[in-house]
Structures are given as structure tokens and as C-alpha cells.
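So the structure is just underneath, and the comments pick up after that.
The values are calculated or read from the model by the stated rules, or taken from the named source; none is laboratory data. Since we're looking at a predicted model, the values are computed, not measured. Note: ideal-geometry Cβ built from the backbone for every residue, glycine included; neighbour counts use all protein chains shown.
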Amino acid sequence: MNPLLSRLQPYPFERLRQLHANVTPNPAYKLISLGIGEPRHATPQLIKDALSASLAGLASYPGTLGSAPLRQAMSDWMARRYGGLAVDPATQILPVNGSREALFALAQTVIDASQPGATVVCPNPFYQIYEGAALLAGAQTWFAPSDPARNFAVDWAGVPEAVWAKTQLVFVCSPGNPTGAVMGLAEWELLFRLSDQYGFVIASDECYSEIYFRDEAPLGGLQAASQLGRHDFKNLIALTSLSKRSNVPGLRSGFVAGDAAIIKSFLLYRTYHGSAMSPVVQAASLAAWSDEQHVEDNRALYREKFAAVTPLLASVMDVALPDAGFYLWAAIPPAFKGSDTAFSAELLGFYNVVVLPGSYLARDAQGHNPGAGRIRMALVAETAECVEAAQRIVQFIHSKVH
Ligand SMILES: Cc1ncc(COP(=O)(O)O)c(C=O)c1O
């Protein structure tokens, strides 16, 4: 067996299952889960129609590069979404089967584990695939905490020089899971400067980019690069996905875009890995990237939901509307003595609501776990169900505090 497998940590949902295994939920309430961040709004008809209209595609093997019209549709979407951004569909874009596999595979492509101390820098808390991708590529991880005092911006400036010197890959998550924070241009400028100095690749995970609550859409990594005159996107790859944008987590479709030299190596890796996108999925994806109405409708649903739920919870705990994404990342009240796991277990027991302990999404690093004392709530269910969950959480906290 590959010895690196033993370095993998248990996935947060497995830890949650174990935490809840001995809890008997109050039968007076119906279960509401805010635990898993899986989109649950309806899949748009136009995507289903495009899928069923292209079943003839099942009869042929697809190329790993994807069809030219699909890559053109992706490039056109980027130009519309990011203020005329120019991304060459021939050399700077590749379709991927969801951003999860692409995040993982990209690390396998760029990491040179023969270099002593090969390091991957990750935000903390973070999407768990970053860590697994780094460890299975034979690298070690270094976790940079997000700072609640700066709207959960990651403390890139606090990463020691000796760590940067060994860093080959940096994962960026903007909008962040679980924090919802969006990186601004100054933060990008800092990372680009560090990337130029130390030669690392930046993987910018942007799969929540279309669900946002401010007037201005989140800045994209490639957009930031272009605004700073880096039109070749040197050492930068952005990863995006239809899962959340278009409510098709089961389609497994996204794309990567950026530095043509990295895309070329990634294509080579993917050809051997066997991760070409099905022609049927390519057709449905082309339809999805070419339509914006369903994305606006989807965003409106989230805005309405967050507007209804956030004030309820903000009356009892430290939580605010995020920049973007579909999570609330809340600090639990002092009465719980910082135990996010006890909060989660007791809430399930008394009110049959599932929330994810924040400490499961972060690692102990530099002496603390930046997820401890926090919970993540995914507002993916219908608004009425999320409001009901929030009302139960309010009651739960009142019962504990009074
Ligand atoms: C931050 C982040 N990145 C990537 C993904 C993977 O999404 P997908 O593979 O569906 O594109 C997720 C899924 O939850 C996520 O939260």
C-alpha cells in the first residue's frame, strides 16, 4: 500500500458521524441538517434538457482537452463575468470533472516531492481536499490562519520566510469555505509578489464565486492578475465549478484556467489519469456556462434566505452576513466554553439540528485551532427550513444562557 495514505486525516463528516453516534435526537422535532454543504436548489431545466439531448455522445471516447466549443463557452463566460478578461481557450483552459478532483490532481502535477521539505500552504480553516492533495503528493502542509478581526482574511504575511522558501503550491479559497471571505486586490498583489520571489504555484479555488451578497461580484484570481498587468497568469491557476453556480453537484463539471505552461503539464497528467469529461456532460456544461439567468435566480434565492436567517442568529451569537458562499461561520456563545463539538452534540440532542463543529474544518497550527469555538451552518435547504433551524438554535442558546 502507498504509505502516504496513512497520513490522511478522517474527513469532517466522518468525525461528525462519530460525534453524533451516541446522541439521541429529540423526537419532537424533524431533523434539519445544516451540516453538509451540498447545493439543494433545483437543477435548471435547460441543463437537464441539454444533457438528455446529447446522449448520442455516450458512443464515443472524449478527449481530455474537451471540445473546442465548450472551452470557447468557458472563455466567453470568463470574459463576461470578469470585465473582458482574455483567457485563450486553446491554451489556458481545461474542463475538469468538478473542482474537487482538479484540486487534487493539480497538486499531483505541480509538486516535486524530491525537493527536501516540499511544502503546500493552505488557509486554516480550509476545504479538506487541499490537505489530502498535498499529503498524497508527498508534500507537507503549513496552515495560515484566517483572522476574524480582518473579516477572516488569511494571514499570508505571517507565513515565515523559511516556509515560503520550501513552498511549491498555495491553495487560495475565495470566496472562502467556511468563512465566506473574498480576497481583495491588495491580498492578491501580496501573493503574486511572494509567488514571484519563491516560485510557487497558486491554486485559486473559486467554486462559490457566483453566490454573493454584496453589490459587487467577487474578484477572481485571474481578474486580479490581469488588473495587475499579469496577463500571462504566471504560476496561477483558477478552478471553478458548476456545482454551486448551477445546482448540479451530480454533474461533476468545472474548469481550470490560467498559466498555459501549467495547463499543458496538467493536460499531460490528466491524459494518463483518465479524467476526460463525458461528451454528455460537456454538452450540458456548455449550456450551463452560456446561460446567466438561472445563476441570477439562484443567487436571489440565497440572498432571500440569508436575509431571513442571519438576523435571527445574530441576535444570539457572533455571526454576520458573509461576503459570499452559502455558509454562516459563527462563534458560539461563551456559555458553551468554546466547545463547538459539545454545542453540535447538544443541539442535535435537544433540537434535532445538525451543524458542523468548526474545529473539524481546521488544524491545530501555531498553537491553536482557528475553527475551535465556531460552527459552520450550510444554508442549502429551503428558506422555511433554514429559518426553522435558526429559530431552534435561538431557543437552544436561550435555554443554555438563561
Ligand atoms: C471550497 C470548495 N472547493 C471545492 C469544492 C468541490 O466542489 P465540486 O467538486 O463539486 O466542484 C467544494 C465542495 O464542497 C468546496 O467547498
Check your understanding: Do we find a residue being part of a loop (DSSP other than H, G, I, E, B) and crowded, with 21+ Cβ neighbours inside 10 Å anywhere in segment 183-197?
Key -> yes
Exercise for review: Would you please list the contacts, defined by Cβ atoms under 6 Å and residues six or more apart or on different chains, that run from a residue in segment 87-110 that is without any contact (Cβ under 8 Å) to a residue 40 or more places away in the chain and in a helix (DSSP H, G or I) to a residue that is aliphatic (A, V, I, L, M) and within 16 Å of the ligand (Cβ to nearest atom)?
Suggested key: 100/129; 104/129; 104/133
**Study point:** When residues of segment 26-41 are limited to those that are farther than 17 Å from residue 294 by Cβ and under 22 Å from the mean Cα position of the chain (by Cα), the one surrounded by the most Cβ atoms within 10 Å (Cβ to Cβ)
**Key:** 34
Check your understanding: Could you say whether any residue in segment 42-62 is of a type in the set (Lys, Arg), at pLDDT 95 or above and within 23 Å of the chain's Cα centre (by Cα)?
Key -> no
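So that you can scan it fast, the table gives a plain yes or no per residue for (1) farther than 30 Å from residue 165 by Cα; (2) over 21 Å from the mean Cα position of the chain (by Cα):
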position	(1), (2)
198	no, yes
211	yes, no
216	yes, no
231	no, yes
239	no, no
247	yes, no
Review point. Among the listed residues 62, 125, which satisfies the condition of being touching a Pro at 6+ places or on another chain (Cβ under 8 Å) and under 30 Å from residue 320 (Cβ atoms)?
Key: 125
**Study point:** One residue from 203, 186, 217, 181 being closer than 20 Å to residue 244 by Cβ and either charged (D, E, K, R) or away from the ligand (no atom under 16 Å from the Cβ) (or both)
**Key:** 217
**Study point:** Looking only at segment 236-277, and only at residues there that are at positive phi and within 12 Å of the ligand (Cβ to nearest atom), the one that is surrounded by the most Cβ atoms within 10 Å (Cβ to Cβ)
**Key:** 247
Point to revise | Only listed residue being touching an Asp or Glu at 6+ places or on another chain (Cβ under 6 Å) and within 16 Å of the ligand (Cβ to nearest atom), chosen from 144, 133 | key: 144
